[in-house]
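Note sheet for the following structure.
The values are calculated or read from the model by the stated rules, or taken from the named source; none is laboratory data. Since this is a predicted model, take the numbers as computed values, not measurements. Please note: Cβ atoms are built from the backbone with ideal geometry, for glycine as well, and neighbour counts cover all protein chains shown.
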Amino acid sequence: MTASDAKLFVEVFVTLFVIMDPPGTIPLFLSLTSGRTAAMRRRLAGQAVLVAFFVITVFALFGQSILSYLGITLPAMQAAGGLLLLLVALELLTGKADEPVETTNVNVALVPLGTPLLAGPGAIVATIVFVRRVDDAWEVAALAAGIVAVHVVLWLFMRYSVVIIRVIRDSGVTLITRIAGLLLSAIAVQLVADAVTAFVQEA
């Protein structure tokens, strides 16, 4: 594995980390699983991560074919993805969050935890963009490792959410979420800038 492959791994991990926002999932996970036993919370955490991983993997494998079928170019996807990520970043920075969905007959690990909270539009778009960039087996391995690593971190955060929330408290989660929003906004702006540059070069 070369330095560029390691760089790709770090870029994939950091991008998906700030989009999926593991620290920010803790309050919602705790609220959606309130009244459940510790064993049930562990089970729901595992299910949610597996659902998110499945969705991301499907789009990593077939997302490029979907784009080709629809005639969507990479610069267009980068621009759309950048704008979408910017909206997510603004929500992280401003603290805006959707109200938890009341579910009685729906497994919360599937909806809304697995998708769209974890494997949402932002993560899907970012994954497709990364897939379009890989050229060889080592880059594919770096991309896959980044995706797996971020899902492992997601599972750890939700698995030990009760302990984490006691240590960093609500203010700590808020601080980490704001920093993640700042990083994500920078990534979003860079995506849009790269897309504009590509459009100009093609013209």
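Okay, here's what the table says:
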item	result
Residue match in the stretch 21-38 (condition: without any contact (Cβ under 8 Å) to a residue 24 or more places away in the chain and charged (D, E, K, R))	yes
Some residue of the stretch 124-141 being under 14 Å from the mean Cα position of the chain (by Cα), under 22 Å from Val10 (Cα atoms), in contact (Cβ under 8 Å) with a residue 24 or more places away in the chain and surrounded by fewer than 18 Cβ atoms within 10 Å (Cβ to Cβ)	no
Any hit, the stretch 168-175, residues being part of a helix (DSSP H, G or I), within 13 Å of Pro27 (Cβ to Cβ), among the small types (Gly, Ala, Ser) and modelled with pLDDT under 85	yes
Of all residues making up the stretch 17-62, the number that are crowded, with 19+ Cβ neighbours inside 10 Å and more than 21 Å from Pro121 (Cβ to Cβ)	5
Any hit, the stretch 117-137, residues being of a type in the set (Ser, Thr, Tyr), farther than 22 Å from Asp194 by Cα and part of a helix (DSSP H, G or I)	no
Any pair with Cβ under 8 angstrom, 6 or more apart, that starts in the stretch 88-100 at a residue that is within 20 Å of Ala126 (Cβ to Cβ) and ends at one that is modelled with pLDDT of 80 or more and of a type in the set (Asp, Glu)	Leu92/Asp21
From Val140, Val129, Val148, Val153, residue being modelled with pLDDT of 90 or more and within 24 Å of Leu86 (Cβ to Cβ)	Val153
Members of the stretch 183-201 that are over 17 Å from Ala80 (Cα atoms) and at pLDDT 85 or above	Gln201
Matching residues in the stretch 59-82 - criterion: being in contact with a helix residue (DSSP H, G or I) (Cβ under 9 Å, 6 or more places away or on another chain) and of a type in the set (A, V, I, L, M, F, W, C)	Phe59, Ala60, Leu61, Ile66, Leu67, Ile72, Leu74, Ala76, Met77, Ala79, Ala80
Any pair with Cβ under 7 angstrom, 6 or more apart, that starts in the stretch 184-201 at a residue that is over 21 Å from Phe17 (Cα atoms) and ends at one that is assigned to a helix (DSSP H, G or I) and among the aliphatic types (A, V, I, L, M)	Ala195/Ala79
